[in-house]
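Notes for the one structure printed next.
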Amino acid sequence: MTDIYTGAIEGLERRKAAIERALAALREVDAPSAAQVAPDAATPAAPGNRRKFTAAARKRMALAQKARWAKTKGEIKPPTPPEPESATPKRRISPEGIQRIIAATKKRWRLQRAAAKSAQAAKAVAKKGIAKKAVAKNVAAKKLAPAKPVKADLSGTDGAVAPQTESNAPELV
């Protein structure tokens, strides 16, 4: 029984040695020369690609994390956030600036409404002209068209239509 295990172990060790030789050969082929290696290539990730947070944002994140830990640990009083520090005052639009914006907006709306109204009027005029042309065409076509044959009066019969023969067939003009 031990012979089976020792044989399996020796076989696996031979495989391991062959794999290690193959890996060493691949590393030799893949490894660039020292002249080709850039000095920054040794570092795995450049630190400049990280996200940057302001000091105030980092402080808020730290306080929020401390509050979460206090909540999970069962502490009653989480740390209080500090007063917000505003380095620059918030910019506001002056009342005159607001009035100028309102006037410009009203002017733009007025011009848009006028343009839409004139476009609608032009469309209606064009539509009316097309309608007049169509009516004139229909009148001219009616004058030139031959008279339609008169349908047979079925009031004297019981509503049944007699089969057409040469004697009662309508004349086609």
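Any read-out appearing in this document is the output of simple, stated calculations on the displayed coordinates, not a laboratory observation. Keep in mind the model is a prediction, meaning the values are calculated, not measured. When we count neighbours, we look across all protein chains shown, and the Cβ atoms used for this are built from the backbone with ideal geometry, even at glycine.
Counting only other residues whose beta carbon sits under 15 Å from that of Glu10, what net charge do I get with K and R as +1, D and E as -1? Cβ neighbours under 15 Å give a net charge of +1. The label-point distance for Ala31 and Thr88, in a model that sets each label 7 Å from Cα toward Cβ, rounds to 5.4 nm.
Calculated FRET efficiency, Lys107 to Lys128, Cβ-Cβ distance, R0 = 25 Å: about 0.20 to the nearest 0.05. In order along segment 87-98, phi translates into HN-Hα couplings of 6, 10, x, 5, 7, 10, 7, 6, x, 5, x, 4 Hz, rounded to whole numbers, per the Karplus curve 6.51 cos²θ - 1.76 cosθ + 1.60 with θ = phi - 60° and x for Gly and Pro.
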